[in-house]
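Scroll down for the structure; my scribbles are underneath it.
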Amino acid sequence: MSSSQIKTLVSMLNQIADNNNYKKTDEETAKVVAEHVKKFWARSMKENILQYANSDGSALSPTIKLALALI
């Protein structure tokens with residue numbers, strides 16, 4: 001997967017987290033993000049972001065890392 005595709009997925013994850021973190025803890029936000037990804041992302045998208053998280057993951061926020069651990 002290209003770096004621009006990873007950047008797009010990371011950006012999407014950050015937007016989902018930003019839109020769902022109002023008055024929530026990081027753990028609560030991570031659960032919402034994980035459920036969204038499970039329901040709406042294509043298998044290839046999930047596989048690519050999980051591969052990135054396991055190999056580098058430097059662009060992922062702590063909340064997103066928590067969410068990916070739940071997938």
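The values are calculated or read from the model by the stated rules, or taken from the named source; none is laboratory data. All values derive from a computational prediction rather than experimental measurement. Every residue, glycine as well, gets a Cβ built from its backbone with ideal geometry; the counts of neighbours run over all protein chains shown. Calculation scope for accessible area: heavy atoms of the full protein, side chains included, ligands and nucleic acids excluded. Shrake-Rupley method; radii C 1.70, N 1.55, O 1.52, S 1.80 Å.
A few notes on this one:
- In the range 7-71, lysine pairs with alpha-carbon atoms under 22 angstrom apart (chain gap of 8 or more, or interchain): 17
- For M45, solvent-accessible area (1.4 Å; no DNA, RNA or ligand), Å²: 50
- Mean separation of Cα pairs under 8 Å and 6 or more residues apart, divided by the residue count, gives the chain a relative contact order of 43 percent.
- Of the chymotrypsin sites (Phe, Trp or Tyr not before Pro) found in the chain, those in coil by DSSP whose Cβ has at most 15 other Cβ atoms within 10 Å are Y22.
- Springs join every pair of Cα atoms under 10 Å in this Gaussian network model of the chain, and among A17, A34, A42 the largest mean-square fluctuation is at A42.
- Of all accessible heavy-atom area on the chain, the percent that carbon and sulfur account for (1.4 Å): 49
- Helix 43-55 axis versus longest C-alpha principal axis of the chain: approximately 90°, rounded to the nearest ten.
- DSSP-assigned coil residues among trypsin sites (Lys or Arg not before Pro) in the chain, each with at most 14 further Cβ atoms within 10 Å: K23, K24
- Accessible area of the chain divided out per residue, in Å², using a probe of 1.4 angstrom: 66
- With all pairs of separate Cα atoms included, the chain yields a Kirkwood hydrodynamic radius of 11.9 Å.
- FRET efficiency, 1/(1 + (r/R0)^6) with R0 30 Å, evaluated for E27 and S4 via beta carbons: 0.50
- Cβ-placed point charges (K, R +1; D, E -1), dipole of the chain about Cα centre in debye, nearest 20: 180
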